[in-house]
Amino acid sequence: MNLFKHFFTGRRFVIAVPSLWLTFAFLVPFLIVLRISFAEADVGDPFGTLVTVADGVMTLKVKISNYLFILQDDLYVLTYLSSLKFAAITTALCLFIGYPFAYFMARAKPTIRPVLLMLVMMPFWTSFLLRIYAWKGILANNGILNNFLISIGAIAEPLHLMNTQFSLIIGMTYAYLPFMILPLYANLVKMDVRFLEAAADLGATPFQAFWRVTVPLSKSGIIAGSMLVFIPSVGEYVIPELLGGPETLMIGRQLWDEFFTNNDWPLASAVTVVVIMLILVPMAIFNKYKAEQEDSR
């Protein structure tokens, strides 16, 4: 009994709770998807057949042709590269827009910081789907933006903004911008401003102090915000479907087609596993490299 209490108290309990959550929320579903990816497609069973029993003999069939097909098919290779490209552009734009806003929030008076923080979080009070549909009304040929530009004489004919890469990037940047601002603000608001005063005393200009002091000290916030934006952007489905148009290649749309149009769950699961590996492997390498750097200090 004392051993039981010792295990579920203190530091071990704090570690056990998120570990169990990650196990059941990520590891178990991932193992199920991994199992399906190696199975043989079956019309009567969308999960596919991995083990067969005939004449008292149990046979394990591990099918790797789905992975070979993904690596050899130009469509999937281009789709993966396109998804990574759009996710990287979205992350860069969110960082470019979000950093000044987070910096302004962190340097604002403490009395107005809650208001600014509420403005950043306010989009979450509205349905994600409704907010993306609103961009359809803004960017359509007869939408708000084109009508405004025509009314002021900036253009003579409506611009084709919908169902393009431009509309896709605009929608993704808008949707994920708060995920960049919040970790940056949490990092910048805790920064000791005496470092900036010391840089100024040593003759640094405001830009030099910002680039050599503020940016390095906010590196953890930049990394956290970039991860929060980049990872979901790679597998985004709703925004490419509503704003990207039929010619925009995103892996989320390919997954939908394989799961629900072609009804090929093993191939769709293989596509999912590859997406996860594309995201988790670089993250694991980066975390290992960062840990080694901290240990060497």
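Residues considered: P114, P110. Of these, the only one that is in a helix (DSSP H, G or I), over 23 Å from F166 (Cα atoms) and more than 24 Å from the chain's Cα centre (by Cα) is P114. Here the condition is being free of Cβ contacts under 8 Å to residues at least 24 places away in the same chain and closer than 30 Å to Y76 by Cα; of Y237, Y176, it holds for Y237 alone.
Does L202 satisfy the condition of being out of contact with any helix residue (DSSP H, G or I) (no Cβ under 6 Å at 6 or more places or on another chain) and touching a residue at least 40 places away in the same chain (Cβ under 8 Å)? Break it down stepwise before answering.
On the way: out of contact with any helix residue (DSSP H, G or I) (no Cβ under 6 Å at 6 or more places or on another chain): yes; touching a residue at least 40 places away in the same chain (Cβ under 8 Å): no.
No.
Can you go through F179, F148, F210 and tell me which one is aromatic (F, W, Y) and over 20 Å from A106 (Cα atoms)?
F148
Restricting K85, K109 to those that are closer than 21 Å to E236 by Cβ and of a type in the set (K, R) reduces the list to K85. The numbered conditions (1) closer than 30 Å to A268 by Cα; (2) in contact with a helix residue (DSSP H, G or I) (Cβ under 6 Å, 6 or more places away or on another chain); (3) at pLDDT 90 or above are all true for M105 except (1). Kindly indicate the residue of the range 187-227 that is closer than 26 Å to A284 by Cα and of a type in the set (A, V, I, L, M, F, W, C) and also surrounded by the fewest Cβ atoms within 10 Å (Cβ to Cβ) among those meeting that condition. For the range 187-227, the residue satisfying everything is V215. The set of residues in the range 130-154 being surrounded by 10 or more Cβ atoms within 10 Å (Cβ to Cβ), within 24 Å of the chain's Cα centre (by Cα) and either of a type in the set (S, T, Y) or over 15 Å from I170 (Cα atoms) (or both) consists of Y133 alone.
Restricting the range 96-115 to residues that are crowded, with 17+ Cβ neighbours inside 10 Å and among the hydrophobic types (A, V, I, L, M, F, W, C), which is farthest from L188 (Cα to Cα)? By that ranking, first place goes to F101.
Screening A175 on (1) in contact with a Lys or Arg (Cβ under 8 Å, 6 or more places away or on another chain); (2) assigned to a loop (DSSP other than H, G, I, E, B); (3) not charged (D, E, K, R) shows it passes everything except condition (2).
The values are calculated or read from the model by the stated rules, or taken from the named source; none is laboratory data. Here the structure is a predicted model, which means the values were calculated and not measured. Cβ atoms come from the backbone with ideal geometry, glycine included; neighbour counts cover every protein chain shown.
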